[in-house]
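Okay, so here's the structure we're looking at.
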């Protein structure tokens, strides 16, 4: 424990973020439904099909040599999705701009007692719901470095500007954080002592919505109407 505490104090002053992270790549998907929110797909087969249809960009990172394991890099669940609602009404037809962090890729490098250097690429799926104002929106997200399961050492915010193509309500974008530098007290401190978290800059209401696991199926109403129509047709035939 004595070894970790001075490391934390040093890191609070020295952790640095180097980003070329404007919008690295934006790719427009099909128009889709009216809700504009993240898809409610489940299962590997559905995800594979969606990725093939949308030509989802891949972000493999070069394998880097290091003296130990890399820090854990993950998305904070409470901030993994961004869903705006007009007047706070949680309904698909009240949704504005939406977003979801689809995946992250990362790599790290360090040796001897050198600092840990991490590179991250994040893939975002973004949406424009019925209540979205215009075809442009600047999403804001953050990257934080923590001691594993402990307090935040450093945190920085990034803007992700997105322009939706005419008539389209969804888009993909990737952002790259070229280098996060974490100092080490000595060569005995490995990357497994740290976590790197990503998340949207969300309101308390958005965080609660995510925490409760709420989602919308864009075609839910259409499916219900189709079922009712089918039942009515069967009744008529009888």
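FYI, it's all coordinate maths here, none of it is from the lab. Keep in mind it's a predicted model, so treat the numbers as computed, not measured. Reconstructed Cβ throughout: ideal geometry from the backbone, glycine too, with neighbour counts over all protein chains shown.
So, R0 is 45 Å and r is the distance between the beta-carbons of residue 77 and residue 112; what FRET efficiency does that work out to, to 0.05?
Working: r = 36 Å, r/R0 = 0.79.
That pair, residue 77 with residue 112, gives E of 0.80.
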Open item on the list: Run the paramagnetic zone check for residue 157: 7 angstrom along Cα to Cβ, then residues of region 177-200 with backbone nitrogen under 14 Å.
Closed with: 199-200
TODO: Express the Stokes-Einstein translational diffusion coefficient of region 115-189 in µm² s⁻¹, to the nearest whole number, given a Kirkwood radius over alpha-carbon pairs, 4 °C and a viscosity of 1.567 mPa s.
DONE: 86 µm²/s
- [ ] Work out, step by step, the length gained on full extension between residue 89 and residue 201: first 0.36 nm times the residue separation, then minus their alpha carbon distance; give nm to one decimal.
- [x] 38.4 nm
